[in-house]
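Notes follow the structure.
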Amino acid sequence: MTWKAYEQGAFSWIAADDYYDGESAGQGNARSREVQDGWLKRTITPVLASPAWRTQKSLLIVTWDEAGVTKHTTEPGNRVATVVAGSAGSVRAGYVSAIRYDHYSAARTIEEALGVAPFTANDRYATLFRDAFISWDEERVLDGTIRYWEEARKAGLPVRADFGEFWRDAE
């Protein structure tokens, strides 16, 4: 398997197929975890060894599918693991966030990093993975927060009427 996108530097979306996603290969049992672990090692190792990762500002987000409460799980609130890794010291090593994120947060973080507009209202109003990063460009963060606040107010979402108060809450 070649990884030309990683060698060149680009946006890439990689998703495990039905066998490697942990659902078909054992429904979460020990064999399923072995299969997922093997797939992750084979997939991520070339990414981390690529020239793009080593020389450019890069971000890797690994997240799992919805969990939910089933006969196999006891985790309420649909909590799933997500790992965020960045090249060149851009992500806080070993950090565990107390903030609730979801799949739309991943989408919004990717969109913000690429400088593109949100694709849906779900990611438009999602929380960025901001606390995982060592720093964000302050002007970019302020502009994005103002846009979010203005759009949320237009949409009738419950946000503070005063931007200063909203900003303090966001910080």
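The values are calculated or read from the model by the stated rules, or taken from the named source; none is laboratory data. Predicted model, so just to flag it, every value in this text is computed and none were measured. Here the Cβ positions follow ideal geometry from the backbone for every residue, glycine too, while neighbour counts run over all protein chains shown. Accessible surface is based on the protein model in full, side chains and every heavy atom, while ligands, DNA and RNA are left aside. Shrake-Rupley method; radii C 1.70, N 1.55, O 1.52, S 1.80 Å.
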Selection count, the stretch 22-57, where residues are at pLDDT below 85 and either in contact with a His (Cβ under 8 Å, 6 or more places away or on another chain) or not in a helix (DSSP H, G or I) (or both) = 10
Within the stretch 92-100, identify whether any single residue is modelled with pLDDT under 85 and open to solvent by less than 60 Å² (accessible area, probe 1.4 Å), and answer yes or no.
-> no
Among the residues of the stretch 142-157, is there at least one that is acidic (D, E) and in contact with a Lys or Arg (Cβ under 6 Å, 6 or more places away or on another chain)?
-> no
Could you tell me whether the stretch 125-148 includes any residue that is on the phi > 0 side of the Ramachandran plot and open to solvent by less than 70 Å² (accessible area, probe 1.4 Å)?
-> no
Which members of the stretch 104-124 meet the condition of being modelled with pLDDT of 85 or more and either part of a helix (DSSP H, G or I) or closer than 17 Å to D169 by Cβ (or both)?
-> Y104, S105, A106, A107, R108, T109, I110, E111, A121, N122, D123, R124
